[in-house]
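The structure appears right after this line, and notes come after that.
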Amino acid sequence: MHRREFVATLGVGGAVAIAGCGDTDDSGDAEITDETLTLTTTTSTYDTGLVDELTLAFEERFGAEVAVVNEGTGAALDTGRRGDADVVMVHARSLEDEFIREGYGVNRRDLMFNDFVVVGPDDDPAGIDGTSDVTEAFRSIADFESVFVSRGDSSGTHAKERELWEVAGLEPGGEWYREAGSGMGQVLVQTDQSDGYTLADRGSFLSMRSQLSIGIRVEGPIQDGPELLANPYGIVAVNPAVHDNVAYDLALAYIGFLTSQAGQDVIESYTVDGEQLFFPRALSAEPNFEQYVPEDWMREEG
């Protein structure tokens with residue numbers, strides 16, 4: 001699948017800007033000063049260095065400071081629920097939808113995507129290398145009781161892993177299944193040290209590939225693998241009607257900048273060792289308005 005076709009299958013889109021926080025240029029002076037935005041985001045965006053590039057561009061443009069809290073998707077959303085963050089950048093749509101339904105999040109936007117991959121050792125004891133069926137790969141890992149290192153931390157990657165085991169009709173357990181309770185970087189290191197397998201987002205794996213001996217055994221849709229391994233990211237403002245302490249205007253400015261052409265260009269151009277880690281998906285000539293609300297939301301007729 002070509003990347004353009006892959007974007008289309010994800011429902012790419014979004015209006016060009018939020019509430020006046022639209023596309024920006026580099027000619028204006030900073031518009032916001034002496035304010036701090038608290039962003040909570042996933043380990044994948046933090047460990048790869050992408051969030052540093054995005055926040056630096058925002059700070060230079062607006063003159064505001066961004067304080068970044070690095071944690072898995074589940075923990076990041078819980079931080080938003082407590083009102084300890086102004087904006088949340090995560091990658092588990094079902095958990096984002098729950099956050100919005102509960103009233104904690106508003107003005108959600110599609111932001112970018114990459115995909116998940118299954119990585120493992122070169123000798124590949126489960127015999128999954130090159131398969132196009134990720135659920136069959138998971139069954140083989142379980143059948144051979146090959147070491148599988150799980151995030152085990154309620155992150156977006158962990159949520160996807162649990163979904164894959166469920167689709168495969170399995171409930172993993174036993175000595176071969178190891179729950180790390182750690183971020184993606186630590187899990188990749190543990191997987192490498194144990195000659196095991198794990199599920200990783202492509203960006204995190206590529207950013208650490210030179211330090212690892214394991215490799216990609218099952219590709220995601222960016223490289224013609226199963227669409228089940230798609231990995232879209234969203235960004236959501238914390239609802240000021242629930243937490244009146246949040247910097248809502250600044251959160252909208254941040255969301256607006258990241259989903260503007262300038263912010264999307266930062267995502268598009270960010271590479272590690274010549275590899276693009278994330279692909280922008282906020283802008284489209286055919287906006288997907290379902291990005292703003294839970295996916296199963298339906299407007300009642302009448």
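Laid out as a table, the results:
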{"item": "Candidate set from segment 52-70 (those that are open to solvent by less than 30 Å² (accessible area, probe 1.4 Å) and of a type in the set (A, V, I, L, M)); member that is nearest to the chain's Cα centre (by Cα)", "result": "LEU54"}
{"item": "All positions within segment 237-252 that are surrounded by fewer than 24 Cβ atoms within 10 Å (Cβ to Cβ) and touching a Phe, Trp or Tyr at 6+ places or on another chain (Cβ under 7 Å)", "result": "ASN239, PRO240, VAL242"}
{"item": "Residues that are open to solvent by 30 Å² or more (accessible area, probe 1.4 Å) and at pLDDT 90 or above, drawn from segment 17-46", "result": "THR36, THR38, TYR46"}
{"item": "Hits in segment 188-207 - residues which are touching a residue at least 40 places away in the same chain (Cβ under 8 Å) and in a helix (DSSP H, G or I)", "result": "LEU188, GLN190, THR191, ARG202, GLY203, SER204, PHE205, LEU206, SER207"}
{"item": "Selected residue [within 22 Å of the chain's Cα centre (by Cα) and either of a type in the set (Ser, Thr, Tyr) or crowded, with 17+ Cβ neighbours inside 10 Å (or both)] from SER146, SER213, SER182", "result": "SER182"}
{"item": "Residue in segment 101-110 that is surrounded by fewer than 22 Cβ atoms within 10 Å (Cβ to Cβ) and part of a helix (DSSP H, G or I) present", "result": "yes"}
{"item": "Qualifying residue in segment 134-144 (condition: of a type in the set (A, V, I, L, M, F, W, C), free of Cβ contacts under 8 Å to residues at least 60 places away in the same chain, under 26 Å from ARG209 (Cβ atoms) and out of contact with any Leu (no Cβ under 9 Å at 6 or more places or on another chain))", "result": "yes"}
{"item": "Residue check, ILE222 outside the structural domain of ALA168 (by the TED database) and assigned to a helix (DSSP H, G or I)", "result": "no"}
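Residues checked against (1) surrounded by fewer than 17 Cβ atoms within 10 Å (Cβ to Cβ); (2) over 20 Å from VAL69 (Cα atoms):
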residue	(1), (2)
SER155	no, no
HIS158	no, no
TRP165	no, yes
TYR177	no, yes
THR191	no, yes
ASP195	yes, yes
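Let's see how each residue does on (1) in contact with a strand residue (DSSP E or B) (Cβ under 6 Å, 6 or more places away or on another chain); (2) in a loop (DSSP other than H, G, I, E, B):
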{"position": "GLY234", "(1), (2)": "yes, no"}
{"position": "ASP244", "(1), (2)": "no, yes"}
{"position": "ALA251", "(1), (2)": "yes, no"}
{"position": "TYR254", "(1), (2)": "yes, no"}
{"position": "ALA262", "(1), (2)": "no, no"}
{"position": "ILE267", "(1), (2)": "yes, no"}
{"position": "GLN291", "(1), (2)": "yes, no"}
{"position": "GLU295", "(1), (2)": "no, yes"}
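The values are calculated or read from the model by the stated rules, or taken from the named source; none is laboratory data. Nothing here was measured: the structure is a model prediction, and the numbers come from that model. So basically every Cβ, Gly included, is an ideal-geometry build from the backbone, and we count neighbours across all protein chains shown. With ligands, DNA and RNA removed, areas are computed over all heavy atoms of the protein, side chains included. Shrake-Rupley method; radii C 1.70, N 1.55, O 1.52, S 1.80 Å.
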